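Chemist: Submitted below is the structure of interest, expressed as structure tokens.
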Amino acid sequence: MKYDVVIGLEIHVALLTESKFLCSCSTAFGAPPNTQCCPVCLGLPGSLPVVNEKAVEYAVKAGLALNCQVHTFSRFDRKNYFYPDLPKAYQITQDTYPLCTDGFLEYYIDDELRCTAITRLHLEEEAGKLIHSGSSIVDSEYSLVDYNRAGIPLIEIVTAPDITSPRQARLFLEQLRLVMRYIGVSDVKMEEGSLRCDANISLKPQGSPVLGTKVEIKNLNSFRALERALEYEVKRQSAVLERGGKIKQESRTWDERAGRTLSMRSKGDAPDYRYFPEPDLPPLQLDPAWVNCLKDTLPELPLARLRRLEESYGLSRYEATFLVNYPDFGDLFLELAKAGEDNTALVNLLMGDYARLAREQGHLAPGRIAELLRIVAEGLITHNQSKAVLEELFRSPLSPREIVRDKGWEVLRDAEQLRAMVQEALAANPDIVSRYRAGEERLWGYLVGQVMRAAAGKADPKVVNELLKEELARG
Amino acid sequence: MRELAELLQTGQVSSTELVIACLEQIKQTDGVINAFLTVDEQGALEQAAQSDARRARGEALSPWDGIPVAIKDNISTRGLRTTCASRILRNYHPVYDATVVERLKQAGLPILGKTNLDEFAMGSSTEYSAFGVTKNPHDPARVAGGSSGGSAAAVAAGQVPWALGTDTGGSIRQPSSFCGVVGLKPTYGRVSRYGVVALAPSLDQVGPLAKTVEEAAALFSLIAGEDPRDATSAGAPAFQVPRWNAAVVQGLRVGVPEEFFSSGLNAEVEAAVRRSLRTLEEQGAVLKPISLATNDYAIDTYLTLVTAEASSCLARFDGVRYGERVAAPDANTMFAKTRGAGFGAEVKRRIMLGTYVLSASHYEAYYEQAQRVRTLIKLEIARAFEQVDVIITPTTPSTAFRIGEKRNPLEMYLSDLYTATANLSGICALSLPCGYDSQGLPIGLQIMGDHYQEELVFQVGRVVEASVERGPKVEV
Amino acid sequence: MIGREEVIRMATLARLELSEEEIELYTRDLNSFLVSGKKLQQVDVSGITGTSHAVSVIHALRRDEVGESLPREAVLAEGPEVLDGYFKVPRIVEGQE
Ligand SMILES: [Zn+2]
């Protein structure tokens, strides 16, 4: 039987505030354990939370960027459960009245535009970090707790279950990450945990309106893991259904090394979190004017930029996608294109050797890039030479023109000097010349190459071509 | 206190002498009373010496610089043991001061020690303290009330001039009433709760206990006002001791709710309160019978909300970061053993109730319903204050009961019958002595005022106080 | 009526180890509390929104400024068991609720 795949994602994004969500401890990554803690984030008796306004601002921005309805009234709730990394034994979150609801995100799968609905987006606090004595939680005698991370602001984003393939899930998450990066609310690093994703997946017979039993997959630490784990689940669940078996509603964890999902031990009933309104925090009441103001200050978002690059700059989907996915390259492109540089030459440069060098060593000043493009256009150097100049630009503080002058890389254009080189090349290859004359036209390139070599690559190819034609005609 | 402040100001008495006198009184009386869980003799003497040095330099931090104070033991004091009268915190030393403690220190008040309470402030008699009951200075066979029983008894027994307590459903006013002292439950949010170990955060308030209305007002002036560390205190005004003016009662509309004078009210208590009401009337107040019918639901509403919030607030005592731990091979068993051994019977009872009313299948019928009834109570109070300026009632249905007399928890909960409404509606309420019963036990009168009307409540309280003849002196 | 099973479930949720006597005691107490809850359920609250905060306060936010954290000795000072700058807890059994 054929099955429809139904996937919904639950995403946590750590917000890039200086201080924590509910206290003034630093959020800096990588400090020694338990050095960024205070009575509030340790849950000491008597301590009280106070909401960081920047966290609210970032969450609202995220909601706006995901086309959500931002509610001017929202409320905090307590989610009660015991776990060693949870200092108060409850998490401050938003349950009944979330900050944002009813949004969507559009993105491309190949050439097809897709839209995934965002059910809700709300603010909550991060838990601490556990370090296990063994290789995993199950075979550890004890665990160690570090509360530095406890209380960092998070947004939880929940999608509707309208993702229909593992690949789509990955593409959605990549687009979401891009949006968060564009609006600058998070550094969205999966490896540092500032972007995390759990997935719910179920199968149903093709076309059936009845949803199948949902399985939750946790521990998805990379985009690849998300896609692979979902692919694995599709296979596993189809096999179970094919056998006439039933899918168990459960949580499974992704084992990266083994390449499969494993059932997480679960005892007894579903958890009862006993949510209730957080009495220590008054409800959040936002000024609609402030929300509108934030909306106006949102930067151009990835999809809009993609369309602009294609429509206004004539770039291909491939080129535009590159510039959108690497916003620093996109910004550079737009700045230089605005300054009147040739779009095609520019995007070729940025996507070529420049990309590799810039990733290793950081970007060049736009002015130096512009000058490099200009001296190629002017014919001061050849396209081939531009690569050497580019390498040099990353090493030297000099301008492209200064580099060319210092290195003596100006194009040889002196006709008499070049004619001598052409004549030498023809004289040195009588065999090739006669074969060319006999009709082997593909040997033309070989002859040009010989001249270029003699000129150490600096010869103006146009002049070389003309002279070669003349000299051969002369016979 | 004005006298004490003047004596300190003129150098006729030193802070050190005051602290020594308090320590001496504690030594003589606390073996019986058991008001203090921790006496910080050394710390108090050091702070007193510093105060004396400041006075000598003419740099007193406040008019009350040097007057010692006692703190209920659910309020965090840096480096000074804070037990909440619970085994689970018997060796807990906070690393920070509650805002109210910080403010008292900034005003130069030496901290004499920490007073007894029902475990985590859950109770009305201090019988639920893990460290022994506090006895009533007027009759050691009787309770001092609770949960701020230690603070009330310490003031009544002359162990300390004044003290801080906390009030979630009557925990300042009821023991004040039982011990014959003055106690204020401030408007919700007017005093910072930062550092106060929570029982029910939507109801808890810190307030002063003292011998006189004026002293209570003075102590309140040191702690009131917005604190950036407590979001629920946002916008709360500070408080200054007013110029006392008996004329405020002229034309004052005094609401007298019939429901607070119904069956179950002790006749002597009723007589004393009505006598004070008549005195106010004679001085120009207008008594207006009003109805607060929702008070009938106050205790049930209160109980539901308190247990729910408490079950969540007390979850953090899991043996990971502080407090006592009972070792076990896995974390969940460790949590359960730690909490099972660390909490007393009443705390466990309330955690069980609270867990039940918050659990998914009961939330709507119990917790949500109680929240909505709370709204009805608030609305009725708001309507009442459209017609009257203050509401006067007895503080408690009876005077102090005997130790061990109330065995049934539900019976104990009824101690808050007249006081819980103020917490549920967030208004302020003052309890002050208005006479004695035939056994010589103090009777308390409660003056409720609208949000942030503490000044009016104190003014009226002072007039009532002046009209009440002083009763038998406390002998221990 | 609340049965013994329900009481045990609550105790598990609240992480309270109870003795047999305590289970009996709290079964009785929960049931007598039900009477109180039932009384509230008689109150007509149609059209009434619940009160979750005693006094309505708006805009109680703080600026995003880093303040001082506690020194690590103070953070760990009250910890029942600490190791290498961490709090130490026994084996965690997943998924138990
Ligand atoms: Zn902190």
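The values are calculated or read from the model by the stated rules, or taken from the named source; none is laboratory data. Nothing here was measured: the structure is a model prediction, and the numbers come from that model. Cβ atoms come from the backbone with ideal geometry, glycine included; neighbour counts cover every protein chain shown. For accessibility, only protein heavy atoms count, side chains too; no ligands or nucleic acids. Shrake-Rupley method; radii C 1.70, N 1.55, O 1.52, S 1.80 Å.
Chemist: Please give the per residue accessible area of the protein assembly as shown, computed with a probe of 1.4 Å over protein heavy atoms only, in Å².
Modeler: On the way: 40600 Å² over 1048 residues.
It amounts to 39 Å² per residue over the protein assembly as shown.
Chemist: When the Kirkwood radius is taken over all Cα pairs of segment B:398-447, what Stokes-Einstein diffusion coefficient follows at 10 °C and 1.306 mPa s, in µm²/s? Could you put the intermediate results ahead of the total?
Modeler: Details: Rh = 12.6 Å.
For the chosen part, D equals 127 µm²/s.
Chemist: Let me know the Rg and Dmax you get for segment B:7-76 when you use only its Cα atoms, in Å.
Modeler: That works out to 13.1, 40 Å for Rg and Dmax.
Chemist: In nm, to one decimal, how far is the modelled label at C:Glu21 from the one at B:Ile20, with both set 7 Å along Cα→Cβ?
Modeler: Here the modelled spin labels are 4.9 nm apart.
Chemist: Residue-wise, which Karplus ³J(HN,Hα) couplings in Hz belong to segment A:90-98, taking 6.51 cos²θ - 1.76 cosθ + 1.60, θ = phi - 60°, and x for glycine or proline?
Modeler: Running phi through 6.51 cos²θ - 1.76 cosθ + 1.60 with θ = phi - 60° gives 8, 9, 7, 9, 10, 10, 6, 10, x Hz.
Chemist: Take peptides A:429-436, B:393-400, C:27-34 and line them up by average Cβ neighbours within 10 Å, highest first, as a rough protection proxy.
Modeler: On the way: A:429-436: 13.9, B:393-400: 25.2, C:27-34: 17.5.
Packing order, densest peptide first, comes out as B:393-400, C:27-34, A:429-436.
Chemist: To continue, here is another question. Starting from the Cα gyration tensor of segment B:383-466, take the square roots of the eigenvalues, sort them a ≥ b ≥ c, and report rounded, prolate or oblate (rounded when a/c is under 1.5, otherwise prolate if a/b is larger than b/c, else oblate). Each step should come with its number before you reach the end.
Modeler: Numbers: a/c = 3.06, a/b = 1.44, b/c = 2.12.
Verdict is oblate for segment B:383-466.
Chemist: Still on this model: Using packing as a proxy for protection, rank B:306-314, B:152-160 so that the peptide with the highest average count of other Cβ atoms within 10 Å comes first. Spell out each step's value before the answer.
Modeler: Numbers: B:306-314: 26.8, B:152-160: 29.9.
Ranked from most to least packed, the peptides come out as B:152-160, B:306-314.
Chemist: Across the residues of A:132-143, average count of Cβ atoms on other protein chains within 10 Å? Present the calculation step by step, with values, prior to reporting the outcome.
Modeler: Numbers: counts 2, 3, 1, 0, 0, 4, 4, 1, 3, 3, 11, 8.
Mean partner shielding for this stretch: 3.
Chemist: How big is segment A:341-390 by the Kirkwood estimate over distinct Cα pairs, in Å?
Modeler: Working: mean 1/r = 0.0909 Å⁻¹.
About 11.0 Å for segment A:341-390.
Chemist: If you take the accessible area of B alone plus A alone and subtract the pair, what total do you get in square angstrom, rounded to 100, with a 1.4 Å probe? Write out the running numbers ahead of the final one.
Modeler: Numbers: alone 18040 and 24290 Å², together 39640 Å².
Result for this pair: about 2700 Å² buried.
Chemist: Say the dipole of chain A comes from +1 at the beta carbon of Lys and Arg and -1 at that of Asp and Glu; which of A:Cys37, A:Ser238, A:Leu294 then lies farthest toward its positive end?
Modeler: About the Cα centre, the residue reaching furthest to the positive side is A:Ser238.
Chemist: With labels modelled as points extended 7 Å from the Cα through the Cβ direction, what inter-label distance (nm, one decimal) is found for A:Trp444 paired with A:Glu112?
Modeler: According to this spin-label approximation, the distance is 4.6 nm.
Chemist: Specify the angular offset, from 0 to 90 degrees and rounded to the nearest 10, of the alpha carbon long axis of helix A:461-474 from the longest principal axis of the alpha carbons in chain A.
Modeler: That helix lies at roughly 30 degrees to the long axis.
Chemist: Rounded, prolate or oblate for segment B:144-245? Axes are the square roots of the Cα gyration tensor eigenvalues, ordered a ≥ b ≥ c, and the cut-off for rounded is a/c under 1.5.
Modeler: Working: a/c = 2.20, a/b = 1.27, b/c = 1.73.
The shape class here is oblate.
Chemist: Report, by chain and number, residues whose modeled amide H sits under 5 Å from the one on B:Ser129, excluding near sequence neighbours (fewer than 5 apart, same chain).
Modeler: Here B:Glu119 satisfy the definition.
Chemist: Can you find, among C:Met1, C:Val43, C:Val66, the residue farthest towards the positive end of the dipole of chain C? Put +1 on the C-beta of Lys and Arg, -1 on that of Asp and Glu.
Modeler: The Cα lying farthest towards the positive end belongs to C:Val43.
Chemist: Let me understand segment A:1-47 better: what is its radius of gyration from the alpha carbons, and its Dmax, in angstrom?
Modeler: 18.5, 59
Chemist: Additional query: Scan around B:Val286 for amide H atoms under 5 Å from its own, H built in the peptide plane at 1.01 Å from N, and keep only partners 5 or more places away or cross-chain.
Modeler: Amide H neighbours of B:Val286: B:Gly251, B:Leu252, B:Arg253, B:Val254.
Chemist: Turning to a different aspect of this structure: What ranking do C:79-86, A:391-398, B:447-454 get when scored by the average of other Cβ atoms within 10 Å per residue, highest first?
Modeler: Details: C:79-86: 16.1, A:391-398: 14.4, B:447-454: 23.0.
Sorting C:79-86, A:391-398, B:447-454 by mean packing, highest first, produces B:447-454, C:79-86, A:391-398.
Chemist: With N set to the residue count of chain C, report its C-alpha Rg divided by 2.2 N^0.38 Å to two decimal places. Write down the numbers at each step before the final one.
Modeler: On the way: Rg = 22.2 Å, N = 97, 2.2 N^0.38 = 12.5 Å.
Chain C yields a ratio of 1.78.
Chemist: Compute for chain B: radius of gyration divided by Kirkwood radius, i.e. Rg/Rh, restricted to C-alpha atoms, rounded to two decimals. The partial results should precede the final answer.
Modeler: Values: Rg = 21.1 Å, Rh = 22.1 Å.
Rg/Rh: 0.95.
Chemist: Further, regarding this structure: Which value in nm describes the separation of the simple spin-label points at A:Ala339 and B:Leu7, placed 7 Å from the Cα toward the beta carbon?
Modeler: According to this spin-label approximation, the distance is 8.3 nm.
Chemist: Right, here's the next one. I'd like to know how the protein assembly as shown sits against the 2.2 N^0.38 Å rule of thumb: what's its Cα Rg over that expected value? Walk me through the intermediate numbers first.
Modeler: Numbers: Rg = 37.6 Å, N = 1048, 2.2 N^0.38 = 30.9 Å.
The value comes to 1.22.
Chemist: Please state the Cα pair-distance histogram of segment B:232-341 with 10 angstrom bins from zero: what percent is in each bin?
Modeler: 11, 19, 21, 20, 15, 11, 3, 0
Chemist: Further, regarding this structure: With charges only on Cβ, +1 for K and R and -1 for D and E, what is the dipole size of the protein assembly as shown about its Cα centre, in debye, rounded to 20? Mind showing how you got there, number by number?
Modeler: Values: 115 positive and 139 negative charges, 233 e Å.
For the protein assembly as shown, the charge dipole is close to 1120 debye.
Chemist: Now a separate question. I'm a student and want to see the number: the projected area of the Cα convex hull of segment A:415-474, averaged over all directions, in nm².
Modeler: On the way: hull surface 14.3 nm².
Mean orientational projected area (segment A:415-474, Cα hull): 3.6 nm².
Chemist: Quick one: give the max-minus-min coordinate of the C-alpha atoms of segment B:301-363 along each principal axis, largest first, in Å.
Modeler: 38, 22, 19
Chemist: Let me ask you something else. Considering the options B:Ala234, B:Leu252, B:Val95, tell which one lies farthest towards the positive end of the dipole of chain B, charges being +1 on Lys and Arg and -1 on Asp and Glu at the Cβ, about the Cα centre.
Modeler: Farthest towards the positive end: B:Val95.
Chemist: Using helices alone, I'd like the mean residue ellipticity at 222 nm for chain B: each DSSP H run of four-plus residues gives -39500 (n - 2.57), total over residue count, nearest 500. Could you put the intermediate results ahead of the total?
Modeler: Details: 15 runs with 183 residues, N = 476.
The helix-only estimate for chain B comes to -12000 deg cm²/dmol at 222 nm.
Chemist: Calculate, in nm to one decimal, what A:Ala377 and A:Lys2 gain on full extension: separation in residues at 0.36 nm each, minus their alpha carbon distance. Each step should come with its number before you reach the end.
Modeler: Numbers: separation 375, 0.36 × 375 = 135.00 nm, distance 5.74 nm.
Roughly 129.3 nm would be gained on extension.
Chemist: Counting only other chains, and only Cβ atoms inside 10 Å, what mean value do you get across the residues of B:88-95? Write out the running numbers ahead of the final one.
Modeler: On the way: counts 0, 2, 0, 1, 3, 2, 6, 11.
Shielding by partners across B:88-95 averages 3.
Chemist: Summed for both chains, how many Å² of accessible area, to the nearest 100, are buried between A and C with a 1.4 Å probe? Let's see the in-between values first.
Modeler: Numbers: alone 24290 and 9710 Å², together 29880 Å².
Accessible area lost upon association: around 4100 Å².
Chemist: Sticking with this structure for a sec: Can you compute 3J(HN,Hα) from phi for each residue in segment B:432-448, using the Karplus curve 6.51 cos²θ - 1.76 cosθ + 1.60 with θ = phi - 60°, rounded to whole Hz and x for Gly and Pro?
Modeler: With the stated coefficients, segment B:432-448 comes to 9, x, 10, x, 9, 8, 5, 8, x, 8, x, 10, x, 10, 10, 10, 9 Hz.
Chemist: Counting only protein heavy atoms and using a 1.4 Å probe, what share of the accessible area of segment A:270-341 belongs to carbon plus sulfur, as a whole percent? The partial results should precede the final answer.
Modeler: Details: 1780 of 3440 Å².
With neighbouring chains kept in place, the figure for segment A:270-341 is 52 percent.
Chemist: Also: Work out how far the C-alpha atoms of segment A:3-291 reach from end to end along every principal axis, then list the three figures in whole Å, largest first.
Modeler: Principal axes ranked by extent give 56, 52, 33 Å for the Cα atoms.
Chemist: Also: Would you mind checking segment B:307-333 for residues with the amide N under 18 Å from a putative spin-label position 7 Å along Cα→C-beta of C:Ser32?
Modeler: Label zone hits: B:307.
Chemist: For a Förster distance of 41 Å, can you work out the FRET efficiency between the beta-carbons of A:Lys235 and C:Arg4, rounded to the nearest 0.05? Write out the running numbers ahead of the final one.
Modeler: Numbers: r = 45 Å, r/R0 = 1.09.
That gives a FRET efficiency of 0.35.
Chemist: Just to confirm the filter: which trypsin sites (Lys or Arg not before Pro) across segment B:332-398 are DSSP coil and have at most 16 other Cβ within 10 angstrom of their Cβ?
Modeler: Working: sites: B:Lys337, B:Arg339, B:Lys348, B:Arg349, B:Arg350, B:Arg372, B:Arg374, B:Lys378, B:Arg383; in loops: none.
Listed in order of number, the matching sites amount to none.
Chemist: So what is the 222 nm mean residue ellipticity for chain A from helices alone, if each DSSP H run of at least 4 adds -39500 (n - 2.57) and you divide by all residues, rounding to the nearest 500 deg cm²/dmol? Walk me through the numbers before you get to the answer.
Modeler: Values: 16 runs with 193 residues, N = 475.
Calculated mean residue ellipticity at 222 nm is -12500 deg cm²/dmol.
Chemist: Next question, about the same structure. Assuming R0 = 41 Å, can you tell me the calculated FRET efficiency for the pair B:Ser263 and B:Ala327, based on Cβ-Cβ distance, to the nearest 0.05?
Modeler: Details: r = 53 Å, r/R0 = 1.29.
It comes out at approximately 0.20.
Chemist: With θ taken as phi - 60° and the coefficients 6.51, -1.76 and 1.60, list the Karplus ³J(HN,Hα) couplings across segment B:212-221 in order, rounded to whole Hz; mark glycine and proline as x.
Modeler: Going residue by residue, I get 10, 4, 4, 5, 4, 5, 5, 5, 4, 4 Hz, with x marking Gly and Pro.
Chemist: Over all residues in A:86-96, what is the mean tally of Cβ atoms on other chains that come within 10 Å of each residue's Cβ?
Modeler: Details: counts 4, 5, 5, 11, 4, 0, 0, 0, 0, 0, 1.
That works out to 3 on average.
Chemist: Further question on the same structure: Taking N as the number of residues in segment B:1-155, what is its Cα Rg relative to 2.2 N^0.38 Å?
Modeler: Numbers: Rg = 15.7 Å, N = 155, 2.2 N^0.38 = 15.0 Å.
The reported ratio for this selection is 1.05.
Chemist: Now a separate question. Going by amide H atoms built from the backbone, whose H comes under 5 Å of the H on A:Arg149, apart from near neighbours?
Modeler: Answer set, sorted by chain and number: A:Lys129.
Chemist: Quick one: give the max-minus-min coordinate of the C-alpha atoms of segment A:327-475 along each principal axis, largest first, in Å.
Modeler: 55, 30, 27
Chemist: Moving on to the next point. Any cysteines in chain A with zero other Cys Cβ atoms under 4.7 Å from their Cβ? List them, or say none.
Modeler: So far as the 4.7 Å Cβ criterion goes, A:Cys23, A:Cys25, A:Cys37, A:Cys38, A:Cys41, A:Cys115, A:Cys197, A:Cys293 stand without a partner in chain A.
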